[in-house]
Amino acid sequence: METDQIDNRTLMENPQEIIFAPSLLAGNHAHLAKSAREVIDHGLSWLHVDVMDGHFVPNLTFGPATVAALRDEFPLFLDVHLMLDNPDRFIKPFAEAGADLISVHIEPDYDHRTTLKNIRELGCRNGIVLNPDTPVESVLPLLDAVDLVLVMTVEPGFGGQSFREDTLSKLTDIAAFRTGNDLRFRLEVDGGINVKTAAECRRHGADTFVAGTSFFLSDDKKAFVREILNPGD
Ligand code: DX5
Ligand code: ZN
C-alpha cells in the first residue's frame, strides 16, 4: 500500500494535527528496514527511535549509525529519544546522523537549557522528556525553549509495559501551562500507548503518540493507524 506522504514540517508546525510515531524498538531488529518501510507504507511520516545507554535505563538499543542508515534510506521524520546519562555529549553525533528531532530527559544532571539550545543550533527540533515519577514543575522553566514535551507514560527502558494512568494529570498540567503562557510545543506520550490509551491522552491534551508493541504486533495495522489518528472517535 502506497499512500501520499504528509509534509513533516507542516505536521510539526500545525498543533491541531495528530501525529503517530511508531517506535522502532518494537520493530524487527534483524530487518529494521522492513519495519521502517511498513511505517511509510501506512502513510506515516514519523519514526520514533529509542536510544538507551544501559545506565540511565537498564537496556541498550540503537546508536548514531542506525540513525544515519535510516536517514540514507527513508524520507522519514526521525524522532530520536535519548535515554542517556549524558545526552549533552551525544546531540552532535545524532544531529550529524540526520535526526530531525532530538529529545533529552530532564532527570540527569547537565545544563538542560544550553543543550536544548544547542540541539536547535545543530538544525534539529528539540524535546524535553520527563519520567512518570518526575514532577511537572521540573520542566516548566524550560518550556519557552522547546518544540516538544514528551511525557513518559511508563518507566523508560522496555517496550510492552502497561500504561500508567497516574501520568494523565501531567498532560493536563502541561497543556494548561502551554495555553496559559501562549506557548507552542507538541505534547507527546510514549509507553503503553494503544487506541484506548491514546484517546485518554488526547482528552488530557496530548497531540503526538508513540506506540511500539501495539502497532508492530497489530494484525490490522491499517485500522490501527486510522483509529490512533482519530483518538476517541
Ligand atoms: C520505552 C520507549 C518507548 C517504547 C514504547 O522506554 O521509550 O518508545 O518503544 O513501547 P510500547 O509502545 O511497547 O510501550
Ligand atoms: Zn521512546
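The values are calculated or read from the model by the stated rules, or taken from the named source; none is laboratory data. On a predicted model such as this, the values are computed, not experimentally measured, just so you know. Ideal geometry is used to build each Cβ from the backbone, glycine not excepted, and the neighbour counts take in all protein chains shown.
Restricting attention to the stretch 187-202, the residues that are out of contact with any Ser or Thr (no Cβ under 8 Å at 6 or more places or on another chain) and closer than 27 Å to Asp144 by Cβ add up to 1.
Checked against (1) β-branched (Val, Ile, Thr); (2) more than 16 Å from ligand 1 (Cβ to nearest atom); (3) in contact with a strand residue (DSSP E or B) (Cβ under 9 Å, 6 or more places away or on another chain), Thr114 passes all but a single condition, namely (3). Among the residues of the stretch 29-57, which ones are without any contact (Cβ under 8 Å) to a residue 12 or more places away in the chain and at negative phi? Residues satisfying the conditions are His29, Ala30, His31, Lys34. When Val80 is tested against (1) under 20 Å from Gly123 (Cα atoms); (2) part of a loop (DSSP other than H, G, I, E, B), exactly one condition is not met: (2). Confirm whether Glu38 is away from ligand 2 (no atom under 14 Å from the Cβ), surrounded by 14 or more Cβ atoms within 10 Å (Cβ to Cβ) and outside any helix (DSSP H, G or I). No, not satisfied.
Applying the condition of being in a helix (DSSP H, G or I) and surrounded by 13 or more Cβ atoms within 10 Å (Cβ to Cβ) to the stretch 23-35 and asking which residue is nearest to ligand 1 (Cβ to nearest atom) yields Leu25. Taking each residue of the stretch 183-194 that is farther than 18 Å from Gly157 by Cα and looking for partners that are modelled with pLDDT under 95 and near ligand 1 (Cβ under 10 Å from one of its atoms) with beta-carbon atoms closer than 9 Å, six or more apart or interchain, yields nothing. Of the residues making up the stretch 204-233, those that are out of contact with any helix residue (DSSP H, G or I) (no Cβ under 6 Å at 6 or more places or on another chain) and among the small types (Gly, Ala, Ser) are Ala211, Ser214, Ala223. For the stretch 97-149, a tally of residues being without any contact (Cβ under 8 Å) to a residue 24 or more places away in the chain and closer than 21 Å to Arg164 by Cβ returns 3.
When the stretch 174-198 is filtered for residues that are surrounded by fewer than 16 Cβ atoms within 10 Å (Cβ to Cβ) and either within 25 Å of Asp219 (Cα to Cα) or of a type in the set (Ser, Thr, Tyr) (or both), the ones remaining, listed by number, are Thr179, Lys196. Whether any residue in the stretch 159-172 is under 15 Å from the mean Cα position of the chain (by Cα) and within 16 Å of ligand 1 (Cβ to nearest atom) is what I want to check. Yes, the stretch 159-172 contains at least one residue that is under 15 Å from the mean Cα position of the chain (by Cα) and within 16 Å of ligand 1 (Cβ to nearest atom).
Counting only helices (runs of 4 or more DSSP H) that sit wholly inside the stretch 130-233, those with at least 1 residues that are at pLDDT 95 or above and in contact with a His (Cβ under 7 Å, 6 or more places away or on another chain) are 168-180, 221-228.
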